[in-house]
Amino acid sequence: MKKIPDSMAKTQFIRFGIGEGSTVICHSKVPFGPVVLRKNHQEIAIGRELARKIVVERKSNDK
């Protein structure tokens, strides 16, 4: 996550252990439902409105 501009959203993500600079994977997007993020071995479902408030940087899959 590159930036979380909304302070309330930032607070919510901190409760999940996610902050600016964290690496997360977009595991899935449920149609008309939540976005499921994966960090380490934990999956977190967040609402689409909250997901829209974050700025991400895509990283390559190169190993």
Handout entry: Choice from Arg48, Arg15, Arg38 showing the highest fluctuation, given a GNM over the chain with Cα pairs closer than 10 Å
Key = Arg15
Handout entry: Computed helical MRE - 222 nm, the chain, DSSP H runs ≥ 4 contributing -39500 (n - 2.57), nearest 500
Key = -5500 deg cm²/dmol
Exercise for the section: Figure the gain on full extension for Ile25 and Arg58 (residue separation times 0.36 nm, minus the Cα-Cα span) and round it to one decimal in nm. Expected result: 10.9 nm
Practice task
Enumerate the calculated ³J(HN,Hα) couplings along segment 40-52 in order (Karplus 6.51 cos²θ - 1.76 cosθ + 1.60, θ = phi - 60°), each rounded to whole Hz, writing x wherever the residue is Gly or Pro.
Solution key: 6, 10, 10, 9, 10, 8, 10, x, 4, 5, 5, 4, 5
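Laboratory data are not the source of any read-out in this text; all were calculated from the coordinates shown. In this text the structure is predicted, and so the values were computed from the model without any measurement.
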